[in-house]
Amino acid sequence: MLGSQPFPLQTHFPTASRMVYGCMGLGGGWNDNALTKNDIHQAQALIEQCLANGVNVFDHADIYTFGKAEQAFGNALKHNYTLREQMLIQTKCGIRFADETGVKRYDFSPEYITACVEQSLQQLHIEQIDVFILHRPDVLADLSDVARTIETLQQAGKIKHLGVSNMSVPQLQHLQQYVSTPIVVNQIEMSLAHHPMLDAAIATNIATEAVQNGFAGLLEYAAMHNIQLQAWGSLAQGRFQQASQSPTDNAVSDLVTELAHAYNTTKAAIILAFLTRLPQGIQPVIGTTNPQRMQDCFAVHNVHLSHADWYALLTAVRGSEVP
């Protein structure tokens with residue numbers, strides 16, 4: 001089983017899966033090539049593979065493969081709209097690439113948010129976005145304007161719930177003071193290789209291991225406020241599934257391999273299980289378009305790491321025992 005604790009997203013979507021499929025790789029790549037029939041067929045095959053394995057939450061962003069990821073996905077739905085009834089769709093906006101008006105930037109202006117929502121609805125061929133996510137904090141945003149925009153979009157039925165990505169506890173608290181709707185998702189980078197919120201917790205009151213980062217207390221805050229944490233980069237970019245120049249990484253890789261044999265599962269499942277073992281119900285986001293690698297990830301559904309094995313992985317990646 002994929003953990004025994006409930007997870008926050010089920011409060012709003014009782015059938016939400018414990019894993020998210022990240023659609024960033026759809027659409028034929030980060031290039032100017034036109035969308036092809038093969039791109040659409042690939043999207044449909046991956047959707048069906050996910051649904052067949054109990055994964056029904058699909059993650060998008062307006063910028064993924066310059067909009068082609070949403071287009072490929074939307075065309076797959078258009079060809080078989082019954083699939084829409086089986087899934088939850090979330091998409092993000094707020095990152096703007098360099099263009100004729102300026103450099104790469106973040107933009108939470110009402111005009112940009114509204115335009116992104118309209119574009120995503122059109123490209124995905126859907127009438128409502130289940131979770132609309134603000135992609136990266138825009139420090140210039142007028143949060144009163146953001147709140148009014150979100151409320152307008154909800155009242156129009158264009159978005160159902162609000163989420164965020166890459167936000168710390170103070171940023172979540174600040175935004176929630178302005179928006180009347182609850183923030184239901186925070187998608188952050190988190191993996192066996194990257195877990196600042198765990199580092200901060202472990203270093204509490206240890207003078208020799210003081211850790212200062214903006215994600216201290218995030219696990220606890222999310223649990224207290226029913227915010228679903230989703231982990232992008234959950235496989236650590238394959239860092240522990242291949243040989244490395246780093247002795248520490250090789251030690252972690254060796255332990256991952258050992259545990260995969262012990263649990264009769266895949267290395268990907270062990271790496272993901274490091275996250276799913278946490279009681280907060282972390283949702284890993286996986287983004288591979290390789291069907292076999294996807295199956296390797298889905299194997300985490302049957303892995304529940306022992307208390308000792310979880311700490312063994314943490315010790316290995318730290319390079320030393322916990323304090």
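A few remarks follow.
- Search result, residues across region 93-148 that are farther than 23 Å from LEU35 by Cβ, under 19 Å from the mean Cα position of the chain (by Cα) and among the small types (Gly, Ala, Ser): GLY94
- Subset of region 161-202 that is over 14 Å from the mean Cα position of the chain (by Cα) and in contact (Cβ under 8 Å) with a residue 60 or more places away in the chain - its residue that is nearest to ALA147 (Cα to Cα): HIS161
- For SER17, the criteria (1) over 16 Å from VAL285 (Cα atoms); (2) modelled with pLDDT of 95 or more; (3) part of a loop (DSSP other than H, G, I, E, B) hold in every case but one, which is (1).
- Among all positions in region 26-41, there is at least one residue which is of a type outside the set (A, V, I, L, M), touching a helix residue (DSSP H, G or I) at 6+ places or on another chain (Cβ under 7 Å) and open to solvent by less than 10 Å² (accessible area, probe 1.4 Å).
- Which numbered condition LYS158 misses (of (1) open to solvent by 30 Å² or more (accessible area, probe 1.4 Å); (2) charged (D, E, K, R); (3) touching a Lys or Arg at 6+ places or on another chain (Cβ under 6 Å)): (3)
- Looking only at residues of region 278-311 that are open to solvent by less than 70 Å² (accessible area, probe 1.4 Å) and among the charged types (D, E, K, R), we find that the one that is farthest from VAL55 (Cα to Cα) is ASP309.
- Out of GLY67, GLY29, GLY54, sole residue that is under 20 Å from SER165 (Cα atoms) and within 20 Å of the chain's Cα centre (by Cα): GLY67
- When region 102-144 is limited to residues that are open to solvent by less than 50 Å² (accessible area, probe 1.4 Å) and acidic (Asp, Glu), the one that is nearest to MET24 (Cα to Cα) turns out to be ASP130.
- Exactly one residue among LEU2, LEU46 is surrounded by 13 or more Cβ atoms within 10 Å (Cβ to Cβ), touching a Ser or Thr at 6+ places or on another chain (Cβ under 9 Å) and modelled with pLDDT under 95, and that residue is LEU2.
- Which numbered condition ILE282 misses (of (1) more than 27 Å from THR15 (Cβ to Cβ); (2) touching a residue at least 24 places away in the same chain (Cβ under 8 Å)): (1)
- Residues of region 89-104 classified as touching a residue at least 12 places away in the same chain (Cβ under 8 Å) and not hydroxyl-bearing (Ser, Thr, Tyr), total: 8
- When HIS60, HIS79, HIS12 are checked against the criterion of being open to solvent by less than 20 Å² (accessible area, probe 1.4 Å) and either more than 21 Å from the chain's Cα centre (by Cα) or not charged (D, E, K, R) (or both), HIS60 stands alone in meeting it.
- Considering region 252-323, the qualifying helices (runs of 4 or more DSSP H), each wholly inside and each with 1 or more residues that are at pLDDT 95 or above and within 22 Å of LEU198 (Cα to Cα), run over 267-276, 307-318.
- Matching residues, region 49-84, being of a type in the set (S, T, N, Q) and at pLDDT 95 or above: GLN49, ASN53, ASN56, THR65, GLN71, ASN75
- Those residues of region 193-209 which are modelled with pLDDT under 80, assigned to a helix (DSSP H, G or I) and under 14 Å from GLU321 (Cβ atoms), in sequence order: THR208, GLU209
- Just one of the numbered conditions (1) surrounded by 20 or more Cβ atoms within 10 Å (Cβ to Cβ); (2) modelled with pLDDT under 90; (3) assigned to a helix (DSSP H, G or I); (4) not hydroxyl-bearing (Ser, Thr, Tyr) is not true of PHE215: (3).
- Qualifying residue in region 226-243 (condition: buried (at least 23 other Cβ atoms within 10 Å of the Cβ), out of contact with any Phe, Trp or Tyr (no Cβ under 9 Å at 6 or more places or on another chain) and not in a loop (DSSP other than H, G, I, E, B)): yes
The values are calculated or read from the model by the stated rules, or taken from the named source; none is laboratory data. This is a predicted model, so every value here is computed, not measured. Positions of Cβ are generated from backbone atoms using ideal geometry, with glycine treated the same way; all protein chains shown enter the neighbour counts. Note: areas computed on protein heavy atoms with side chains; ligands, DNA, RNA excluded. Shrake-Rupley method; radii C 1.70, N 1.55, O 1.52, S 1.80 Å.
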